[in-house]
Amino acid sequence: MKYDKFFNEAKEHGISDSQLIITSHYSLSFSIFNGETKDYEISDGASCLARGIYKGKLGSVSLDHYDNSKVSSIVNRIIESASIIENDDPVFIYEGSPKYHKFNIYNKHLGEVSTDEKINITHQICDLILAADPRISNAEVGYSETVVNYSIFNSKGLKLTQKSNYFDIIAEVFAEEGGVTKSSYEYIISNKIEEINAEEFAAKCVKSVLNQLGGVSIPTGTYKAILAPEVTAQFLDAWLSHASSDAVQKGVSLWIDKSGTQVGSPKITVIDRPQARNIFGRYFDDEGVATYDKPIIKYGILNTYIYNLTTAAKAGVETTGNGYSAGGKTGVDFGFITLKPGRKTLNELMEKMGDGVYITEIEGPGLNAQNGAFSMQSTGFLVENGKISKPLDLITISGNIFDLFKDVTDVGSELKLTASLSNGGEIPPVLVKKLLVGSE
């Protein structure tokens, strides 16, 4: 095998087990601003993470690419890396799971569509937006596409590969009326370019920004609220971080010793679904462990923490296949997250709420994931008698995510695919019984 030289030389230098994670990627990106193409870029790249166990410590080195002529240097750098590690955490190079549930998420048709056609589709969306209403002042529509080949090889004979591709189209639209400018963004994320309906997407973008014109202020106070999927996803990401075994073992989780107890509303069921057959699906984690779907929160009860090989060994349990890498270090993270939907559409949630607010976007750094406190500038609408009444001007929402998810009284039926969670998610809107809204 191509990598045998590395594995053999690592063994000769006292590295008991070794591993290579090889990634190659292709990317295409450009944007259309007011009808003109700009920032066109194509790139091909590769990366390699070499790891090895030396005297009980796991050393690693990140490389631009693997090169057999540099094996001696790679081995020496792994030894140097391992030699400076002071903790005694158990470390592993994994021999492989008994069974992998493989599936294909790569859509070869996306690669067969010409770049010119992708530019034309993006141009069409931008042109439709600009022509839709005289109040539209500017529009920028960006296209980004990525193809990734991800492979793990190790000295124990493990060989795993998964190929994926996807694109996203993000439209930022500005509208002006009475000297006041509003903006909004909408996006598509998929690998099925044949399913794009330019007219429908452009109309959605236009409606989103025009609906914000003519905003009103409301008194600061506590309101019933519906959180749009993107907003729910951002709060959910911070909330679920407390189910990480790494956070528990470091003493920074607020869910220590909470497994099997009520942490949220009975309406909340959250499933870790790395086996989802979509662009975020993974049949093995970054340690080579087979993934599987599992409930994290079940009817508001914390069902399980998530583990990688190291944290599982420290806890005396099996890994949950949630070892994911960041910055060359394997940590603990979720796969694709689904918040189980309810039965009510967004309109039916509004009818149930009666009077309140519908929060569509949050922004800014005002969310403390560790203690759950948040205070964030927001965009949304006043809801009166079960229907959207007026857009809201300059509001801030405040509270704590631990209270927020206990206050969920219903979950919507309409799921939205989102990249707002670390490995993607499918999230519906939620209805909460109280939310502090401040008018700026």
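The values are calculated or read from the model by the stated rules, or taken from the named source; none is laboratory data. Because the structure is predicted, anything quoted here is derived from the model rather than measured. Counting neighbours? That spans all protein chains shown, and the Cβs are built from the backbone with ideal geometry, glycine included. Surface accessibility is based on the protein's heavy atoms, side chains included, excluding ligands, DNA and RNA. Shrake-Rupley method; radii C 1.70, N 1.55, O 1.52, S 1.80 Å.
Quick notes on this structure:
- Note on GLU95 and SER43: their simple-model spin labels are 4.0 nm apart, each label 7 Å out from Cα toward Cβ.
- A Stokes-Einstein calculation at 10 °C with viscosity 1.306 mPa s, built on the Kirkwood radius of the chain over Cα pairs, returns a diffusion coefficient of 66 µm²/s.
- In region 297-362, the GluC sites (Glu not before Pro) that fall in loop regions by DSSP, at most 12 other Cβ within 10 Å: GLU318
- Spin-label pair THR261-SER114: with each label point 7 Å from Cα along the Cα-Cβ axis, the two points sit 6.3 nm from one another.
- Potential lengthening of the chain between SER439 and LYS204 amounts to 81.9 nm, from the contour at 0.36 nm per residue minus the alpha-carbon distance.
- Hypothetical label at SER137: residues of region 162-198 whose amide nitrogen lies under 20 Å (7 Å Cα-Cβ projection): 171-186
- ARG282, ARG343, ARG135, ARG51, ranked by accessible area, largest first (probe 1.4 Å): ARG343, ARG135, ARG282, ARG51
- Note on GLU363 and SER29: the extension gain reaches 117.8 nm, defined as 0.36 nm multiplied by sequence separation minus the Cα-Cα distance.
- Rounded Å value of the spacing that divides the Cα centres of region 226-285 and region 311-327: 15 Å
- If R0 equals 60 Å, the separation of the Cβ atoms of GLU414 and LYS156 corresponds to a calculated FRET efficiency of about 0.85.
- Debye intensity ratio I(q)/I(0), log10, region 67-139, q values 0.13, 0.22, 0.23 Å⁻¹ (C-alpha model): -0.78, -1.06, -1.07
- Part-to-part distance (alpha-carbon centres) for region 383-429 and region 341-359, which is given in Å: 10 Å
- For the chain, calculated [θ]222 nm from helices alone, where every DSSP H run of n ≥ 4 adds -39500 (n - 2.57): -6500 deg cm²/dmol
- Phi-based couplings in Hz for region 134-149 (Karplus 6.51, -1.76, 1.60; Gly and Pro marked x): x, 7, 6, 9, 8, 8, 10, 10, x, 10, 9, 9, 9, 10, 10, 10
- Note on THR222 and SER144: their simple-model spin labels are 4.0 nm apart, each label 7 Å out from Cα toward Cβ.
- The distance linking region 11-70 with region 107-165 is 21 Å (Cα centroid to Cα centroid, whole angstrom).
- By the combined test of axial Cα extent (at least 15 Å) and Kyte-Doolittle hydropathy (mean at least 0.5), the qualifying DSSP H helices of the chain come to 71-83, 198-210.
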